[in-house]
Every structure is written in structure tokens, then in C-alpha cells.
Amino acid sequence: MTARLQFDQADDGVWQALFDAFPDSVLLVDARGRIVRANSAAAALLGYSMDELQRLAIEALVPDAVRSRHAGLRHAYQGAPTRRPMGLQMELSARCRDGSEIMVEIALSPVKAAGQSFVLAAIRGIGEYPRVKQALQRARHAEAIAQMGRLAVDSGDSADVLRQTPQAAALALDAPAAALFVLDADGRRVECAGAFGPALPLPDAAELAARGVLRGPSAASGMAQRLSMPLADRGRIVGALEVHATEATALGADAERFLASLASLVTTVLQRVASEAAQRHGQRLEAVGQLTGGIAHDFNNLLTVIQGNLQVLEDLPSVSADALALDLVSAATRASRRGAELTAKLLAFSRRQMLQPRAIDVGAMLHPLAALLRRTLDARIRIEVDVAADCPPCLADAGQLESALLNIAINARDAMPEGGVLRFAAARCEQTPPQADASAWAHGGVALRVEDSGVGMSDAVRARAFEPFFTTKEAGRGTGLGLATVHGFLHQSRGAVALDSRLGEGTAVTLYLPSPPQASVASATTPAAAAVVPKGLSVLLVEDEPEVLRVVQTFLSQWGCEVRACASAESALDAVASAPAPFDLLISDVMLGPGLRGDQLAQRMRELRPAMPVLLMSGYADEMQTMALP
């Protein structure tokens, strides 16, 4: 039977009153480890009734993890009982009736009474201590950050990390609702990247973009407090992580610090998402660019043959005297020119066109261009030009820049079927724009903005505007290469292009071009000096495409040149060695099939005939730019 201390009824009531008056939980345990007396504080702390508690073995209150060792520890204490006060810096837990565990401090005291040995255990629950609660909460915060950090590193799906973030925040803060809001690239639309608990209202995009840390009442149903932490990427707000609580004081300073750490981690993930998207987009454009560049190069060869033969036909007496034949040749020539324009666009998009950059006075270019557009565009379109007084020159290919501006102007005209305003503006740009080549911006640059008051673009259209072959025009009215060629030209010029548009509010395209290292400015329309071919010029012509070779040879012969045609670099070297007199000029394609390339042939010729001029031809701009001739 369980040992009991024997008191008369009056004494027993006094002792129980003393037990109950003690503020901590008190248990009196006999030598066999049975609880013989307890107070009401112990019953309340451990979840038992008084009767249940006073029939238990003390091991029933010991957590499962240490229960097997507790009996040995208890016997060792009984062998040498001493007073052990609380606060020994030991982490102890007690098991409650429902199986849960609570953190406690325990003080032990030996008791001798009625010839028996007992142990008096004073138990204090410390889980409600402010410092303990704070330590536990911070530990939960640290664990949540660590778990999300591991997920961000290990997960191949960044979107999954974003989806799980609100749940991690809510569970760590004991909050019923949380959401992650993200702004799109233009900062105009808010998306919910993840949510936990009841749905929270989407914030306004403009308000979110200007928001800092926000703490205050919640507008969500059933919620009392909101804590919103902005996601800042290089000084720009890109979203917010919000937690809502049902109590007005639930989210304090510790919650704010935790949410700031989690928001910083999420921003890193968003940067990775943007980087991965940009990389995929760049790889896709590069693949398309390589394909289109190769097609354009081959198509150029075909057009050279077509246009050359048409020009020869046009000059024949039998054709020039026949009106119908002339009309047919003219129609074919116009079609071939359209093909050449398309080829030029493909080369521009693939960044393989040959550029001739020079310093350009932007104002001197824009005013004549605006005058031309006033004569050619719809009269209902008002054209304005605004060039800042301190606008520096830009470094670009004048012809390609004019072509880019015309492309944008034509798109603007189509977006304003009832008329409107087309405005050109140019100003100094000191900072290197995103995606531009920073090494080219040592002297600053120019921001050239073209705005229209047209119908604007939807988010879906704006996201694809620079993609090649994408067009919103009906079949036959657009190639989808207009803005794609602008994009290719700007990046080949070591600048950048930005698009800003919204449905019903018009479109603005900004071209960023670097400034030249010196202020020498060339006119955008400086005419080239007329070339004169001397009669009897001895030309060594090297071209591996037979049709192209024949066309070029025909033109040179018509100009009075004496032409020696070769299909390879090796045969050209043999021709030089066997020629009775040196040639006056070498003209060669760069790509010559098997054997030596054109630039390698030119170097050999420099060794054999140092005084002979060399003219190299190519359909690939990068071939010409990467060659280094002595």
C-alpha cells in the first residue's frame, strides 16, 4: 500500500492548507517513488486532479526520453539526500497528463517524519517566464529561417520556395494568416506568390512600391493587426511579406526582426528567379539569333545573285527598249529590295550587322527626322521634339539609329489610328542603365525617349514586345521584327532599350546610347565621298559561291576592270605566283569553304605583295570585327 503520513483530521487540514498556500507546485514523494501528498498548484500545472496525482508514481511525470534513467537517479539521491535549490542551469521538463511536456525548475529537499524518509519536490513551471518565452520564440524564428535557407539552396524550384514562405512565417509567429506579394517587372501589377490561412486583400501596386515597414490595424476579416515587411532589391521595392494576427499586440519587435530576415532571404530568391528568367530569355534569343543570322547570311548570297542579274538585265539594250520587260525587271528589283530589308532586320536582331558608330548630335538628327515624319505620317498626329540643352552626343551608327527611330514611329502611328501625339525627347544619362555594357559608359550617355498617346499594350503583349516574329498586326502587315531589331541594334551598340506601356495610356520606348570619349560630332547625314574606279584596274577576285562570283565579276568588268576570278584562296595564291604582272587589288570573301579563309589569304598576300590593297567582303559583321590584319 502507498505510504501515507498519518495526521488527525485537524492537523491534516492544516498541512494541506499550508501545501496549497505555497505558490509553487509541491509534491511529497516516499522512498518507493510514490506521491503521497500534492498541492493544488501541482495539479493545475500538470493537468491532474488531486486524487489522481496522489496515487501516481513520480516516474509518470518524467518525460519518456529520460524515464528509464530516473529510477537510478532517484535511488542515488536517497542514498545521499541533500537540499538542491532551483536555478541550477539544468534544462528539465515534466510530462503532463495529456502527454505534453513543459519546461520546469525543480528543488529537492529530504524530509524525515513519522520514522519515514520522504523527498519534498518544489516544481516551478518556467515556460511562461518572459525571458524563456522570448528565448523559445527566437529559437523558433532561427529554425524557420534555417529551414527556408536550406530549401532555397536545395530546391530547384524557386517558385516553390516563394509558395512556402508565408506558411513558414505564420507558423513561426503563431499567426493565422500570411501572404507574399510580388510586383511585376514594371511595378504596375501585384501578384500573390504564396499564401497561408484566410485570403488577404491584394495591396495597391503604387502604394506597395512606396511602402516601408508597415505595422497597424488589419483590414482582413477577423484580423486585428498587420505587419508588412518590404522586399527591397537594390533600393527598389519589389514586393512585401505580410503577417496578420487576431490580437492587436501579437506582432512585436522580435516578430519584426524575424520577418526582416525572412524578407531578405526571399529577396535573394526573387533575384535568382529574375536571373534565371533573364538567362533563359537570353539563351532563347541567342539560339534564334544564330539561326536567323545564318539564314540571313545565306539569303544575302541569293539576293546578291538576284539583284546583280536584275541590274545586268536592266542595262541590256534589248530590255531597256522593251517597256514590259523593264516593268517586270523593276517589279523583281523592288521585291528583292524588300528581301534585302528583311535580311537587314534579321542581321540587326541577331547582332551580326556591320555597324559604323560615330559621334552624333542627337538634336541635329531628330529635327530633320521629325520634319520627314510630319510629311509622311497621318496629319492628325502631332510630332514634338524636346532635346535638353546639355544633351551630349551619342555614339552609334547613324543609319541604324534613324532606322530604329523610324521603326518605333511606325509602330506609334499604328497605335494611334485616330491621331494623337508622337514626342521625341533626348537628355543626358549619367548612370549606366540595366543590361547596358558598363565599360562603354565611362563618359555617360544619352536617353532618347519616343512616346505616343496611342492604345498602349497589355501586360502580355508588353512582355513579348521584343521577341522576334511576335506581332499583334494582322497577317501580311507586320514581320514582328521591328522592336526586335531595335533591341539587337541597341545591345550591339553597347546600350540598352526599355519599354513602358499600359493599355489606354500610350507607349514609351527609351533608347540608351553611350557618349563618345570626345565631343567630336559628325552629322547624321554626312554624304560619303563618291568612289571612282580607274579603267584597266587589275583585280584578283576570290569567291567560293559560283553565282556570286559571276555577278561580281560582271560588275567589275562593266566598270572597266581586268578580273582574274578564283574559287579558293589556294588558287588565288597560285594566280599571284604565275601572273606576269602584280595585281592592283585583291577582293575576297571571308568565308571560303575548305582551306584558307579570306583574312588568312590577305595576310599571305601582305607577305607576298605588301603594297597590294585588300578588300574583304562578308555577310557576318562579327567576322569583320574579330579579324586583326597587320
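The values are calculated or read from the model by the stated rules, or taken from the named source; none is laboratory data. Just so you know, these numbers come straight off a predicted model, no measurement behind them. Cβ: placed from backbone, ideal geometry, glycine included. Neighbour counts: every protein chain shown. Heavy atoms of the whole protein, side chains included, go into the accessibility calculation; ligands, DNA and RNA do not. Shrake-Rupley method; radii C 1.70, N 1.55, O 1.52, S 1.80 Å.
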Breaking point among (1) open to solvent by less than 30 Å² (accessible area, probe 1.4 Å); (2) over 24 Å from LEU608 (Cα atoms), for PHE555: (1)
Residue that is modelled with the lowest pLDDT, among those in region 111-131 that are at negative phi and not in a strand (DSSP E or B): TYR129
Yes/no for GLU59 being out of contact with any His (no Cβ under 6 Å at 6 or more places or on another chain), of a type in the set (D, E, K, R) and under 21 Å from ARG124 (Cβ atoms): no
Unique residue being out of contact with any Lys or Arg (no Cβ under 7 Å at 6 or more places or on another chain) and assigned to a helix (DSSP H, G or I) when the list is ALA389, ALA404: ALA404
Search result, residues across region 426-445 that are open to solvent by less than 20 Å² (accessible area, probe 1.4 Å), part of a loop (DSSP other than H, G, I, E, B) and more than 10 Å from TYR512 (Cβ to Cβ): GLY444
Residue satisfying all of: in region 573-590; in contact with a helix residue (DSSP H, G or I) (Cβ under 7 Å, 6 or more places away or on another chain) and within 19 Å of ASN301 (Cβ to Cβ); surrounded by the most Cβ atoms within 10 Å (Cβ to Cβ) among these: SER588
Residue list for region 542-580, restricted to those being more than 21 Å from VAL312 (Cα to Cα) and aliphatic (A, V, I, L, M): ALA567, ALA569, ALA572, LEU573, ALA575, VAL576, ALA577, ALA579
Any chance VAL66 is surrounded by fewer than 18 Cβ atoms within 10 Å (Cβ to Cβ) and part of a strand (DSSP E or B): no
Qualifying residue in region 396-405 (condition: touching a helix residue (DSSP H, G or I) at 6+ places or on another chain (Cβ under 8 Å) and polar (S, T, N, Q)): yes
Some residue of region 93-109 being surrounded by 14 or more Cβ atoms within 10 Å (Cβ to Cβ), touching a His at 6+ places or on another chain (Cβ under 9 Å) and over 14 Å from VAL26 (Cα atoms): no
Hey, LEU616 in a helix (DSSP H, G or I), free of Cβ contacts under 8 Å to residues at least 60 places away in the same chain and under 28 Å from VAL312 (Cβ atoms) or not: no
Listing of strands (runs of 3 or more DSSP E) fully contained in region 164-279 that carry 1 or more residues being without any contact (Cβ under 8 Å) to a residue 12 or more places away in the chain and open to solvent by less than 60 Å² (accessible area, probe 1.4 Å): 214-217
Unique residue being in a strand (DSSP E or B), more than 29 Å from the chain's Cα centre (by Cα) and not aromatic (Phe, Trp, Tyr) when the list is ARG374, ARG382, ARG413: ARG382
Failed item in (1) closer than 28 Å to ALA415 by Cβ; (2) outside any strand (DSSP E or B); (3) at pLDDT 85 or above, with GLY536 passing the rest: (1)
Subset of region 381-410 (residues that are touching a Gly at 6+ places or on another chain (Cβ under 6 Å) and modelled with pLDDT under 90): ASN407
